[in-house]
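What follows is one structure encoded as structure tokens, with my remarks underneath.
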Amino acid sequence: MIDDLKKESADRMVKSVDSLKQELTKLRTGRAHASLLDHLMVSYYGSDVPLNQVASVGIADARTLLVTPWEKNLIGPIEKAILKSDLGLNPASAGTTIRVPLPALTEERRRDLVKVVRHEGEGAKVAIRNIRRDANNQLKTWLKDKKITEDAERQAQDEIQKLTDRHIQAVDKALAAKEAELMEI
């Protein structure tokens, strides 16, 4: 019973850390990477579809993405989706492909991105702490219902706290790596 609770809490904490890492990959660092455009939605025959389902995204060089739509009539909607995004990119169509140059990041923009990274990290830490709170509340309920002893509850709370600390360290490590990547010129 307690082991199941610890395992479930650990799984949820791992998912929170993974979610943070996924969000951090969307933040631009000045180098081109295909996952930068993954979250964009393109209008395709009246419905919004993820960009990676209507086009292939590749890397032309260190600062240029190359988007190749699978249908020629999608060039306009893809350009519009890239322009409307919060990434600040200006696509240029070249026949059947779209080139997306990534401008160099200014020092001010880098600092703004670091603030965004820290905000995302704080959200992940809050999620992990909420998982700890849920687990501790479950333990208290079991203690009240006399399903576990006080010693078992205290020991389980200590183990859940250790899990929490370990996953918050993982969040801090991911944040430090992303901040270093953003500030590197």
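Structure summary
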item	result
Every residue from segment 80-105 that is of a type outside the set (A, V, I, L, M), over 22 Å from GLN22 (Cα atoms) and at pLDDT below 80	PRO103
Tally of residues being buried (at least 17 other Cβ atoms within 10 Å of the Cβ) and aromatic (Phe, Trp, Tyr) across segment 43-83	1
Search result, residues across segment 92-123 that are buried (at least 19 other Cβ atoms within 10 Å of the Cβ) and farther than 30 Å from ASP172 by Cβ	ILE98, VAL100
Single condition VAL14 does not satisfy, out of (1) over 14 Å from ALA127 (Cβ atoms); (2) surrounded by fewer than 18 Cβ atoms within 10 Å (Cβ to Cβ); (3) among the β-branched types (Val, Ile, Thr); (4) out of contact with any strand residue (DSSP E or B) (no Cβ under 7 Å at 6 or more places or on another chain)	(1)
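The values are calculated or read from the model by the stated rules, or taken from the named source; none is laboratory data. Quick caveat, the model's predicted, so the values are computed rather than measured. We place every Cβ from the backbone using ideal geometry, glycine too, and count neighbours over all the protein chains shown.
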